[in-house]
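All remarks here apply to the structure that follows.
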Amino acid sequence: MLAPATLPRAAAHCPALVLNADHRPLSYYPLSLWSWQDTIKAVFLERVTILEEYDRVVHSARFAMKLPSVVSLKTYIKPARRPAFTRFNVFLRDQFECQYCGDPKDLTFDHVIPRSKGGRTTWENVVTACSPCNLSKGGRMPNQAKMHPRIRPHQPTVIELREHGRKFPPNYLHDSWADYLYWDSELEP
């Protein structure tokens, strides 16, 4: 077993980018990353192929290997046809902005048609709202409050959420990941 004591401290910040068997990221936001420990385990269980490596090496008594920085699954995982209806995915669909004022801070979600008026908690009735706008609208209908969402709420596609996720890169992007994250982006002339 690889002992953490044998690992350089900086290696603790060596996550691996995880790609599907077709070499596309499993997800863009949050970016599909594994810890170095989970990645090594997957390598030993022969579940992944190493595509890129860090310069850092881990050691055991009889073994040494470079830490993987990019791995691809050996078995293809079919992407979901429809994104799950979650608070995070509503925020991602609305690009982390209040749909009433555009503020990116203190976000919650709002029922366009309030639940007290028969509104349901669905893609088509929930939008991202900042707390001040949510409080201001209260339990009123959009026309009563004179507050209408900037974009009509809708069920997004997986592709739409992926494109929105690309606009919010994580705090850490290793150089070895660049070719795998944006290979299907449109090139400029």
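Here are some notes:
- Some residue of the range 135-142 being open to solvent by less than 20 Å² (accessible area, probe 1.4 Å), closer than 24 Å to F168 by Cα and in contact (Cβ under 8 Å) with a residue 24 or more places away in the chain: no
- When the range 15-45 is filtered for residues that are more than 18 Å from the chain's Cα centre (by Cα) and over 11 Å from L73 (Cβ atoms), the ones remaining, listed by number, are W36, Q37, D38, T39, I40, K41, V43, F44, L45.
- For the range 123-130, the condition of being among the hydroxyl-bearing types (S, T, Y), at pLDDT 95 or above, more than 30 Å from S35 (Cα to Cα) and open to solvent by 50 Å² or more (accessible area, probe 1.4 Å) holds for none of the residues.
- Residues of the range 86-102 classified as surrounded by fewer than 21 Cβ atoms within 10 Å (Cβ to Cβ) and touching a residue at least 60 places away in the same chain (Cβ under 8 Å), total: 3
- Taken together, the criteria place V71 among residues that are modelled with pLDDT of 95 or more, part of a strand (DSSP E or B) and touching a strand residue (DSSP E or B) at 6+ places or on another chain (Cβ under 6 Å).
- Of all the numbered requirements in (1) open to solvent by 40 Å² or more (accessible area, probe 1.4 Å); (2) among the hydrophobic types (A, V, I, L, M, F, W, C); (3) touching a residue at least 40 places away in the same chain (Cβ under 8 Å), I113 misses one, and that requirement is (3).
- Test: residue in the range 34-41 that is of a type in the set (S, T, N, Q) and crowded, with 17+ Cβ neighbours inside 10 Å: yes
Residues are listed down the side, and each one gets a yes or a no for (1) part of a strand (DSSP E or B); (2) open to solvent by less than 40 Å² (accessible area, probe 1.4 Å); (3) modelled with pLDDT of 95 or more:
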residue: R120; (1), (2), (3): no, no, yes
residue: M147; (1), (2), (3): no, yes, yes
residue: R150; (1), (2), (3): no, no, yes
residue: H154; (1), (2), (3): no, no, yes
residue: R162; (1), (2), (3): no, no, no
residue: D179; (1), (2), (3): no, no, no
residue: E186; (1), (2), (3): no, no, no
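The values are calculated or read from the model by the stated rules, or taken from the named source; none is laboratory data. Predicted, not measured: the structure shown is a model, and the values here were computed from it. Ideal geometry is used to build each Cβ from the backbone, glycine not excepted, and the neighbour counts take in all protein chains shown. Heavy atoms of the whole protein, side chains included, go into the accessibility calculation; ligands, DNA and RNA do not. Shrake-Rupley method; radii C 1.70, N 1.55, O 1.52, S 1.80 Å.
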